[in-house]
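Here's the structure, in structure tokens; my notes come after.
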Amino acid sequence: MKPALLPLLALLLCAVPGASANSAASAGTYTDRDGKAHAWHVDENNTLIWDDAPYIPFGAMIIPRYLYRTTDANFALDRQMLETARQHGIEDMYLNSVWSRPVEHTQRLLDLFETLGFRYGLQLASTSQTFEPGYLISADQGLVHSETPGKVEFKPKAAETLKDDETLQAWYAIIGTVSGSLIKTGRIEGGKEGFAVEIKNRHPGGVDVKFVVRSGTKRWIMENPAHRTEFLKQLKPGPNFRFLIDPIANEYGPPRNFLPTSDEWRAAFVAWMQERYETVPALISAWGLPPASLNTFAEAAQLVPLVSGEAKSSWWNAGYVVNDSTGKTFAVEMSRSRMWLDMCEVREVFLRRRVASVTAHFRSVFDVPIVAKRHGQSSRLWVNERGTRGIDGLGMEAYGTGEELAYFNGAATWGEVAQNPQPVWSLVTESNPIHWHDKHIVFRNRQQLHDDMNRLLEMGAKGVFMFGIGLQAGVGDNNWTVFDLQHDPRQEEWLATFGRAARADTRWLAHKPTMAFLYPPQPKDARAFLSSALPDYGLTGDWQGSVGIAKFGRNHWAVPVSDPEGLPNVIHSATLMDSPILIWEKNRLEKTVPAAQRALVENRLNPIPVPADGGWADRFGEAPVDPVKITIREIAPGVEAVTWTDAAGQTTVRLQATGPKAVTVRVNRGAVSGANAGKLLIRQPGAPAEAAAEPGRFPLTATLPPLALTQRAFRLENRGIGRTRVDFKRAVGPAPDSLEIAGSGLDDIAVDVVKE
């Protein structure tokens with residue numbers, strides 16, 4: 001009698017410290033080094049609430065020189081850089097990649113953050129990865145055609161790094177190119193030179209030889225990163241510490257085209273199959289295997305996909321798999337086989353369990369939100385298991401400007417945030433508008449920054465960290481010159497001012513993006529072993545390629561999701577309804593999403609038309625509006641006015657000179673709203689940053705200091721993209737001091753330049 005297998009959820013939770021349905025919410029209490037407790041949680045609007053107030057950061061990632069070249073001189077340079085950012089109004093930073101640095105060096109920087117009044121986070125990065133054996137599964141890699149008898153050779157990339165005494169293993173299959181008949185399979189070993197098999201006989205049309213290499217990946221998630229938790233235990237952050245970022249690795253994504261083979265993985269796979277299919281015959285049918293080909297789920301977990309027929313071949317509906325333990329091969333009816341889709345799903349579910357374990361260990365040291373950077377294709381990795389706590393926040397790595405921000409990891413991130421069964425913090429962990437061919441520093445002007453910030457907030461972000469400050473520190477070259485805010489510190493003021501406006505009226509925090517959710521996703525490795533006759537059915541969520549996300553109508557986006565339960569505006573392709581391969585997804589959709597909330601679309605290409613019925617046109621007809629209301633205008637010659645209003649109706653106006661000369665202005669009530677102005681609070685140019693605004697009244701006169709920019713020479717140098725020693729000059733410098741007026745009825749103030 002075989003032992004009973006644990007249900008999948010129990011198996012996946014058994015190693016997670018403290019995991020239970022009651023601990024799934026993103027909430028906790030952080031105790032700082034002074035013993036003070038700070039309660040926090042993520043609310044239903046995906047905002048981090050800290051000490052009973054929304055935490056809404058607008059800051060940057062910083063790479064300190066001191067962590068890479070540890071000298072007092074570099075620490076002084078880092079301090080100067082941070083002081084400049086603080087003087088320009090930046091209040092939030094996170095420290096890049098601290099795990100491999102001496103604890104005392106990291107602690108010195110944390111103390112500096114506290115001294116200067118920064119709220120801050122720590123990026124761990126590259127902390128929790130390990131090796132996992134397994135096979136590379138691909139439709140075309142390792143496929144070699146031969147017309148004549150003789151030796152057929154293949155050298156995989158993994159062979160290039162082997163030592164002289166090391167070897168690789170692979171399965172090979174020899175198939176008649178025309179007939180699709182399986183001629184021979186076997187296991188083979190090879191060294192630095194790769195693999196070779198001998199074709200003894202001539203076959204009409206030649207043969208295809210497929211090599212499936214067993215090499216493994218170093219990008220598997222370990223169960224317990226004890227060496228990293230020990231590092232964290234030695235740190236003593238203060239009351240301004242807010243979060244940990246990148247618990248696995250920088251911008252981690254699960255390995256693709258990879259079939260694990262460890263005993264632990266296969267045990268989890270067996271449990272998953274038993275829960276999904278219940279009986280072996282049901283699995284055999286779903287995988288397109290011959291009847292009675294398997295006796296147990298354990299045998300199914302040993303199968304390795306080898307090769308399948310191309311779309312226009314005579315054997316388009318045939319594929320072959322091999323039992324990794326016995327060497328026995330089976331033919332597969334590809335038109336109904338979802339074998340590889342199941343393998344990919346379990347791979348992500350397994351790694352998601354590892355994420356829960358890793359974050360639980362880190363959380364046992366510092367009970368603060370743990371944030372992952374979401375980059376690349378959509379997956380289940382950052383969608384927490386129901387009843388299990390994993391990540392507490394998900395960050396967009398959104399690059400470019402304008403609409404590019406949505407394509408480059410922006411919109412697809414919200415798709416994963418929205419799927420989480422408990423709310424997680426939604427934020428931007430990296431963003432920058434620069435392209436490598438641009439010859440300027442970060443943003444071109446204040447308006448571009450404001451527009452891009454609003455686009456990011458419209459896609460669901462509740463705070464933004466730019467990439468970045470001090471970016472040349474890690475590698476000592478100029479690769480990231482144009483991305484670095486420190487080279488033009490007035491942009492730090494632009495960012496900080498937008499942040500002030502966002503925090504002044506927080507009603508926008510209730511905003512959630514109007515998006516369509518396309519179910520199921522179609523990752524790039526889906527066709528590694530999938531029927532070539534199956535039409536495309538989903539999006540990848542990737543920032544590369546034309547099918548990552550799609551425009552939905554004129555003004556909105558369609559993004560891929562792995563689980564449609566509880567989501568509004570779910571769309572699906574006709575392929576989902578028609579193919580037996582996707583019958584599980586079809587049943588899942590019909591079970592979890594009411595018909596009124598889902599719609600069939602004809603294709604996955606840009607743009608997807610909005611369905612005319614069911615209220616879709618009403619929901620998606622209007623263009624999104626800017627969440628934060630902040631205006632920029634030239635209010636007088638050489639004078640820029642930046643204006644916003646808080647939730648109580650009080651307006652703030654900042655007046656700055658935009659030219660190289662000081663400007664004296666006289667400010668008075670306007671013809672309309674100015675007459676209703678009540679009490680004023682005024683901060684004169686040159687007032688100390690810590691000084692409070694003083695009461696005042698109209699009319700008032702002030703001299704605005706000049707915008708003192710300096711022409712500086714910069715160099716672009718990135719050999720990876722062919723940018724070698726591109727020199728340019730740019731006018732950069734600090735933000736000039738401003739005159740700031742706060743009060744009611746300031747929408748129509750009059751500003752006149754006083755002639756000397």
Does Val42 satisfy the criteria of being open to solvent by less than 60 Å² (accessible area, probe 1.4 Å), of a type outside the set (Phe, Trp, Tyr) and assigned by the TED database to the domain that holds Met453? no
Of the conditions (1) farther than 28 Å from Glu348 by Cα; (2) touching a residue at least 24 places away in the same chain (Cβ under 8 Å), Tyr519 satisfies every one except a single condition; which number is it? (1)
Conditions first: (1) under 28 Å from the mean Cα position of the chain (by Cα); (2) within 21 Å of Trp171 (Cβ to Cβ). Thr329 passes all but one, so which condition is the exception? (1)
Take the residues of region 236-281 that are outside any helix (DSSP H, G or I) and more than 27 Å from the chain's Cα centre (by Cα): which is farthest from Gln169 (Cα to Cα)? Pro239
Within region 149-205, restricting attention to residues that are assigned to a loop (DSSP other than H, G, I, E, B) and of a type in the set (S, T, N, Q), which residue is farthest from the chain's Cα centre (by Cα)? Asn201
Based on this model, can you work out whether Tyr66 counts as open to solvent by less than 70 Å² (accessible area, probe 1.4 Å), hydroxyl-bearing (Ser, Thr, Tyr) and either modelled with pLDDT of 95 or more or closer than 22 Å to Thr359 by Cβ (or both)? no
Counting residues that are open to solvent by 30 Å² or more (accessible area, probe 1.4 Å) and at pLDDT 90 or above, which strands (runs of 3 or more DSSP E) fully inside region 557-652 reach at least 3? 630-636
Residue match in region 71-92 (condition: in contact with a helix residue (DSSP H, G or I) (Cβ under 9 Å, 6 or more places away or on another chain), outside any helix (DSSP H, G or I), within 30 Å of Ala158 (Cα to Cα) and open to solvent by less than 30 Å² (accessible area, probe 1.4 Å)): no
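To keep it simple, each residue is scored yes or no on (1) in contact with a helix residue (DSSP H, G or I) (Cβ under 6 Å, 6 or more places away or on another chain); (2) open to solvent by 10 Å² or more (accessible area, probe 1.4 Å); (3) at pLDDT 95 or above; (4) within 22 Å of Ala510 (Cα to Cα).
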site	(1), (2), (3), (4)
Leu381	yes, no, yes, no
Gly390	yes, no, yes, no
Pro423	no, yes, yes, yes
Thr429	no, no, yes, yes
Lys439	no, yes, no, no
His450	yes, no, yes, yes
Arg455	yes, yes, yes, yes
Need the failing condition index for Ser426 against (1) in a helix (DSSP H, G or I); (2) over 16 Å from Pro560 (Cβ atoms); (3) not β-branched (Val, Ile, Thr), just the number. (1)
Among (1) part of a strand (DSSP E or B); (2) outside the structural domain of Val355 (by the TED database); (3) out of contact with any Gly (no Cβ under 8 Å at 6 or more places or on another chain), which single condition is Tyr120 missing? (2)
Report yes if some residue within region 543-555 is over 27 Å from Val625 (Cα atoms), open to solvent by less than 10 Å² (accessible area, probe 1.4 Å) and either at pLDDT 95 or above or not small (Gly, Ala, Ser) (or both); otherwise report no. no
Select from region 156-190 the residues that are open to solvent by less than 20 Å² (accessible area, probe 1.4 Å) and out of contact with any Lys or Arg (no Cβ under 9 Å at 6 or more places or on another chain) and list them in ascending order. Pro156, Gly176, Gly180, Gly186
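The values are calculated or read from the model by the stated rules, or taken from the named source; none is laboratory data. Just so it is clear, the structure is predicted and the values come from calculations on it, not from any experiment. A quick note on method: Cβ atoms are made from the backbone with ideal geometry, for glycine too, and the neighbour counts reach across all protein chains shown. Calculation scope for accessible area: heavy atoms of the full protein, side chains included, ligands and nucleic acids excluded. Shrake-Rupley method; radii C 1.70, N 1.55, O 1.52, S 1.80 Å.
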